[in-house]
């Protein structure tokens with residue numbers, strides 16, 4: 001990215017174009033750093049003369065213009081061997097934009113520095129060859145099957161730290177730079193040099209993961225080309241769905257057929273009763289009871305120059321079977337045909353410089369995963385394959401190596417609409433409309449400008465600001481589709497369906513303001529929107545407990561909730577069900593269970609997710625496990641007493657890596673146990689609560705903390721002061737809820753007593769009943785209060801007719817009208833009857 005900006009600056013005679021103004025300081029720093037390094041080498045070599053300085057300055061200008069004698073050309077355009085040859089030729093002959101100074105360097109006697117340049121280049125090239133040889137040899141000895149990363153000079157390999165104990169599909173999480181040998185793991189954040197990677201990988205725990213046979217880890221899943229092409233043809237053959245996507249009438253999305261074909265959107269069929277895909281042929285063909293689903297392919301690099309040249313460069317190394325792109329089968333003809341057939345039409349349709357992307361670079365890409373979304377079934381969303389899928393993005397193949405801008409959307413059809421109307425390559429978030437995984441972040445690093453175009457609602461705006469800060473506020477712009485109009489379009493595809501100008505909407509995009517300094521002008525529109533649209537600022541609502549929505553108006557980020565109750569009242573069961581409910585709505589959740597082991601907690605939550613006890617149906621465990629695994633649910637690996645600083649550091653990592661928006665701490669007393677004694681334990685608990693309160697505000701997440709009641713508090717007489725600890729616990733909290741039993745100890749009815757609600761002050765009770773079949777609670781109406789009754793000792797026994805009248809007026813059964821002594825209990829209206 002920086003090299004491209006320098007190139008444009010040099011081509012403009014030193015003038016930096018407006019999109020690159022923010023890189024001016026980086027340019028200056030790189031220039032000064034390079035010249036300082038050159039002068040250091042000159043001093044060491046005893047050649048600090050004027051001629052040498054000129055030669056080094058010219059060589060730096062060559063590197064700015066793409067002729068770098070010390071680095072390889074971008075791996076997407078050339079292999080390392082051809083790069084070194086062409087570069088040396090350019091320097092020696094003065095070809096390209098090197099100018100007369102470079103040409104004069106052919107006479108080494110006239111320019112002594114020329115020999116020094118050749119020596120430096122030879123040394124660098126030799127070092128690169130040694131590094132490549134070392135990487136190939138070591139990966140071969142550990143029997144890995146590296147994947148091509150989402151960056152052109154990157155391999156995805158096993159992490160030497162966190163891969164032991166993980167299944168193979170999760171073990172490949174380390175990103176290795178093939179030019180420098182540096183690696184970073186997106187799972188545990190371990191990073192370092194190539195020497196450090198080898199050192200860590202030689203430890204016993206990693207060595208135990210190496211297959212003992214000659215076989216290696218199998219390559220990633222490959223799609224049959226005929227199946228992909230069949231899915232694309234299914235869409236064009238279905239006249240109703242195709243018209244809804246491409247039609248120009250009211251209510252139709254107005255997407256152009258050639259752009260849909262360029263993205264490879266298809267149509268499949270999934271059984272509505274058992275939404276599971278046995279094979280891709282069934283997805284393409286369908287069967288009885290199947291429903292139509294849109295299919296969105298995710299693409300990634302098929303290979304890179306490092307993998308492609310593995311066999312040719314070092315034939316003496318015994319590489320694993322299938323290692324390298326050539327051994328993995330033919331190119332993806334389905335992806336090739338969908339762009340070649342529509343490239344010219346798309347080029348004229350979008351009219352952008354990047355619209356014809358994909359011709360030369362097309363063989364580099366492959367389809368790595370399919371996202372399947374129900375057409376008329378809102379809750380149907382699947383991924384194929386679920387396991388062992390190489391990281392990819394929808395629309396990744398659209399952006400060429402020369403693309404400097406990209407649009408990031410939350411939904412696939414929004415990406416198609418944005419690219420169609422603006423000509424800027426557009427990709428969509430891979431895990432829901434509000435999550436940006438680290439793999440996707442690395443794929444976006446090469447772009448100078450990123451337009452973050454998510455749903456223009458309360459949750460989408462908060463997610464856009466979070467993603468912008470992760471990618472860098474200096475290169476991101478947030479697109480607001482509504483433009484301040486409460487009735488405006490929510491997303492790019494809806495705006496296109498309404499005939500709005502998406503290009504004009506994009507031009508009104510704004511950067512994120514500094515989060516520590518605000519004036520009222522920055523708050524004015526938000527205040528107006530909140531006052532005039534109270535329903536639109538509600539948080540994520542619960543589908544299981546409508547009473548919770550009526551009182552709290554949903555789950556909102558930046559708040560701290562305290563849930564308390566007596567021991568055994570069902571606090572963990574309630575909060576696990578509610579967290580699962582929000583997670584199904586797309587809220588990325590982090591569970592910190594310090595009391596119950598994660599395995600037991602996950603077993604209970606999977607039963608709540610399936611609405612049945614899965615332990616009684618062992619044959620369904622695999623199916624529900626795959627479904628549960630698709631939820632954005634994560635667990636902390638802590639149990640018992642843990643320092644709050646350690647928990648906080650892990651929470652911060654989860655927020656950054658997985659876009660977590662809801663964190664549960666269950667429970668506070670178990671986490672803080674044995675860390676302080678006497679009165680100090682109250683101070684330690686207060687400090688932990690204050691830390692959680694600050695974390696929720698700073699990271700814009702909702703934190704739910706489970707706390708115990710005081711042991712000396714009667715179970716029937718609890719209030720906001722009954723929670724264990726000092727008053728600071730409830731003072732810091734935004735919401736306070738106490739779970740109580742209703743009735744005797746055997747009753748399955750519970751009461752969620754809302755005692756504090758900082759959002760709008762709505763308090764009250766929510767009655768819920770436990771269902772042992774689903775291991776969860778369901779909301780019930782409030783039990784009817786008993787009527788005031790009076791004991792009347794009757795001198796005579798009532799007749800049957802009189803008893804029926806008394807029973808009807810009392811509103812209960814006749815048995816309820818008799819006390820333990822046999823006396824009849826009559827309401828006031830029945831006194832006359834008794835007389």
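The numbers here are math on the coordinates, done by the rules we state, and not lab data. Note that the coordinates shown come from a computational prediction; the quantities given were computed from them, not determined experimentally. Neighbour counts run over all protein chains shown; Cβ positions are idealised from the backbone, glycine included.
Miscellaneous remarks
- Peptides ranked, highest mean first, by Cβ atoms within 10 Å: ranges 602-610, 148-156: 148-156, 602-610
- Each Cα pair under 8 Å and six or more residues apart adds its sequence gap; the mean of these over the residue count of the stretch 142-207 is a relative contact order of 26 percent.
- Fewest-first sequence of 285, 412, 249, 699 by Cβ atoms within 10 Å of each Cβ: 249, 285, 699, 412
- When only Cα pairs below 8 angstrom with a gap of at least 6 residues are kept, the stretch 546-779 shows a relative contact order of 31 percent.
- Stretched out straight at 0.36 nm per residue, the stretch from residue 742 to residue 221 would grow longer than its current Cα-Cα span by 182.2 nm.
- Fully extending the segment from residue 676 to residue 550, taken as 0.36 nm per residue of separation minus the present Cα-Cα distance, adds 41.4 nm.
- Cα-only Debye scattering, the stretch 546-779: base-10 log of I(q)/I(0) at q = 0.10, 0.12, 0.13, 0.14 Å⁻¹: -0.45, -0.65, -0.78, -0.91
- Listing 682, 419, 451 from fewest to most neighbouring C-beta atoms within 10 Å gives 682, 451, 419.
- When 250, 681 are arranged by Cβ crowding within 10 Å, least crowded first, meaning fewest neighbours, the order is 250, 681.
- Calculated over the stretch 145-214, the projected area of the Cα convex hull averaged across directions stands at 4.7 nm².
- Residue 510 paired with residue 697, simple spin-label distance in nm, labels 7 Å along Cα-to-beta-carbon: 2.4
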